[in-house]
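The values are calculated or read from the model by the stated rules, or taken from the named source; none is laboratory data. Bear in mind the structure is a predicted one, so any value in this text is a computation, not a measurement. Cβ placement follows ideal geometry from the backbone for every residue including glycine, while neighbour counts extend to all protein chains displayed. To get the accessible areas, we keep the full protein, side chains included, count just its heavy atoms, and leave off ligands, DNA and RNA. Shrake-Rupley method; radii C 1.70, N 1.55, O 1.52, S 1.80 Å.
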Amino acid sequence: MGTRNRTIGFTRLALAAAVVMAAAAADARSTDATPTPGTLELTRGASAVVLDEDVTVTYDADGRYTQEIRRRVQILDERGRQTYAADQMAFFQPRARVEFLGGRIIRPTGETVALDRDRAREEPLSATAHPFAQPYRRLVVRYPDLQVQDTLETAMRIQSDAQVPGHYADFFLFQYENPILSKRLVIRGPASRPLRHAVRDGALAFTEERAGDQVVYTWTGRELPMIYRETGMPGLPEVAGRVVVSTLGGWPELSRKGWAQSRGRLEPDEALAEKVRELTDGLTGEHSRILALLRFVAGEVGYLDASMDVGAFLEPHAAAEVLAAGFGVGRDKSVLLAAMLRELGLEAEEALINVSRAPDTDIPSVYFERSLCAVRLSDGRTAYLDPALGAHGTLGETYAGGRPLLRLTADGAGLETVPPSPASRSLGRLEADTRLDADGGARTRIGIRGGGYYDFILRGLGRRFSGPQFVQVWQELAGKVHAGARVREFQVSDAADLAVPFAVAFDVDAPGYALAAGRFLIFRPYLMTNGFELYSLGLPRMMAPGPRRYPMDLFSTVQVVQSEHIQLPACDPILALPAPVEIAAGPARLRLACRREGSAIRVESAVRLVRAELTHADYEQLRELLDRWVRNQRSMIILERQPGGGS
């Protein structure tokens, strides 16, 4: 059953591309619209079509608001039925209330199925029973009786306190992954709190009218085309047509208000001070002391990830309280880490960042996805640490490089773009030692480890699969390199221990790996196949034929170095080696080398991605580089077997 997640914090109500709820002023409306050539073209390839959607918002001078979303959507195929089979809307219970107002399903025959309010079920946002997580809830409404060609009419209401007292801010999507025939947004607010507003990536009809002491803002769009999903594309709030609204004067004002929320939350108590002394005892280097605290907060303090979606500007818990609880929500872990770093005498503060979309440069929004800790180093640099990420490595190797963020400061900071992170800070290493026998069998010991983002990828796989399942992952990869290969002597480090790189090592036995062709042995080095390198293995699968509509975000810069030593059968001369390759294409660099080392061969490869966010031109250049890399993987090493050196 497909479920659309609708996370409604105090402000993210309209991230509700999804909240598209709906409508049906009802019997007066016809459920069958006469198709026009334009409509047919608009719905080509769509799994559903939003017939109409009305969103009305009323906010007051304190920032409290009520929002209603009414929508009619027609289901065109099974994929559309699965997509709209349920609605979910997350909220923070003490400050917000979400109601399903009911609706109906209209069959093509005209038969109707009433959707009563009691279909809605409220449940915890997370399975964790920690008291900090309990206020985070979601309203779930399921429509198991929905069928293809049905029209679904629904209505929702959200009532919420202000997330930032005295202000209202939000954004509303006018494009989804299905087309919209008609959408209207009406916002009413006091003239004493006028809206700053803008339309991004689209054109909408707009009116503004004074009604007593209120101002009514109205945006209308018709025949709005669907967004086509692409791998690695930015989120809909960055690429879709949208309306951005806020009563805030600018980003510095929001920065100051965020700082005021946590100002009294950073003071340590004796237990926190003692924990800092315990974790840093015997450590003298600045980096080692910072990393000791980061690893503790990332690895030992629990966290509810979805809490940032619900409310990035909810007041965080006090650092001492988070430490005592061993659990955090929203910005709690960043507050705890900042307080611990301050106990070391370092300057540290919170910083908020988005991963799936860039914030609007002019109109401030209170929606952020991640909470970082910005710490000033003795060399003048600022490192941005994510205490909820859980990766091993040196400072600064997070995804923040090249992205805009908002530091929460007493003086108020504007949006700042973090300097790009060098690829070497997310370095993956694969080393192999292969012994080839005279009959063409290969026995190889492979070791894999990494830092930064590469460690995060590898460690994440280790967390997802455990025991025999994790061994089976590598067995399947080995089987794709050579059908008869078998993995044995498997070793793996503890995924929960952030103090050491996550490492995997195993042997691969591959009878008949080298092809015997008369007096020749022909084979490809194991690592040249990229069969065990997770990052490079995944990249070609993200490359689709033809041009892209949107930029591609690969999350982080990265560098991968592979080296394989191949011990050859005695006295078998080397007749041919793959030619060296060195390519620089847009954001990517590739170097391949193969050389003799006495009676052995050394194969090396290095790939580096120097930009994580790819333009259309970057994408085409990376695809060209990967195509050449795949072609090069067909290159073979050819040996001449000596008489009596194998059957």
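Sites listed here are GluC sites (Glu not before Pro) in the stretch 322-359 whose DSSP assignment is loop and whose Cβ has at most 13 other Cβ atoms within 10 Å: E347. Using the Cβ-Cβ distance between L515 and L283 with R0 set to 51 Å, the FRET efficiency works out to roughly 0.40. Viscosity 0.692 mPa s, temperature 37 °C: give me the Stokes-Einstein translational D for the stretch 438-507 in µm²/s, with Rh taken as the Kirkwood radius over C-alpha pairs. Here the translational diffusion coefficient equals 253 µm²/s.
Among M233, M636, M89, the sequence by solvent-accessible area, most first, with a 1.4 Å probe is M636, M233, M89.
Whole number in Å², please: accessible area per residue of the chain, 1.4 Å probe, ligands, DNA and RNA not counted.
41
For the stretch 111-219, state which GluC sites (Glu not before Pro) are in a DSSP loop and have at most 15 other beta carbons lying within 10 Å of their beta carbon. Answer by residue number: E111.
Taking only protein heavy atoms and a 1.4 Å probe, the accessible area of the stretch 123-178 is 51% carbon and sulfur. In the chain, helical runs assigned H by DSSP with n ≥ 4 each contribute -39500 (n - 2.57); averaged across all residues and rounded to the nearest 500, the mean residue ellipticity at 222 nm is -6000 deg cm²/dmol. Between the helical axis of 332-343 and the longest alpha-carbon principal axis of the chain there is an angle of about 70 degrees. All other residues whose Cβ lies under 9 angstrom from that of D509 are scored, Lys and Arg at +1 and Asp and Glu at -1, for a net of +2.
How much of the accessible area of the stretch 506-647, probe 1.4 Å, is carbon plus sulfur, in whole percent?
Of all accessible area on the stretch 506-647, carbon and sulfur atoms account for 55 percent.
Of the residues I566, L406, S246, the one whose Cα sits farthest toward the positive end of the charge dipole of the chain, with +1 on the Cβ of Lys and Arg and -1 on the Cβ of Asp and Glu, is I566.
Against the chain, whose longest principal axis comes from its Cα atoms, helix 270-280 is set at around 20 degrees. Within the same chain, lysines fewer than 8 places from K333 are excluded, and of the rest, those with a Cα less than 16 Å from its Cα are K275. Packing-based ranking of 500-509, 68-77, 610-619 yields 68-77, 500-509, 610-619, ordered from highest to lowest mean Cβ neighbour count within 10 Å.
Given a 1.4 Å probe and every protein chain left where it sits, what share in percent of the accessible area of the stretch 242-329 is carbon and sulfur?
Here carbon and sulfur together make up 46 percent of the probe-accessible area.
Counting only heavy atoms of the protein chains and using a 1.4 Å probe, R79 has close to 140 Å² of accessible surface.
Taking Cα centre as origin and charging only the Cβ of basic (Lys, Arg, +1) and acidic (Asp, Glu, -1) residues, the dipole magnitude of the chain rounds to 1120 debye. Assuming charge only on the beta carbon of Lys and Arg (+1) and of Asp and Glu (-1), the dipole of the stretch 474-541 about its Cα centre is about 460 debye to the nearest 20. Here K257 is the anchor, and the aspartates and glutamates within straight C-alpha reach of less than 15 Å, apart from those fewer than 8 places off in the same chain, are D62, E315, E349, E350, D411. Other residues lying with their Cβ under 13 Å from the Cβ of S563 contribute a combined charge of 0, Lys and Arg counting +1, Asp and Glu -1. Entry note, the chain: relative contact order of 10 percent, from Cα contacts under 8 Å with a spacing of 6+ residues.
Rounded to the nearest 0.05, what FRET efficiency do E476 and D77 have when you use their Cβ-Cβ distance and R0 = 25 Å? Don't skip to the end; give the middle numbers.
Details: r = 33 Å, r/R0 = 1.32.
So the FRET efficiency works out to roughly 0.15.
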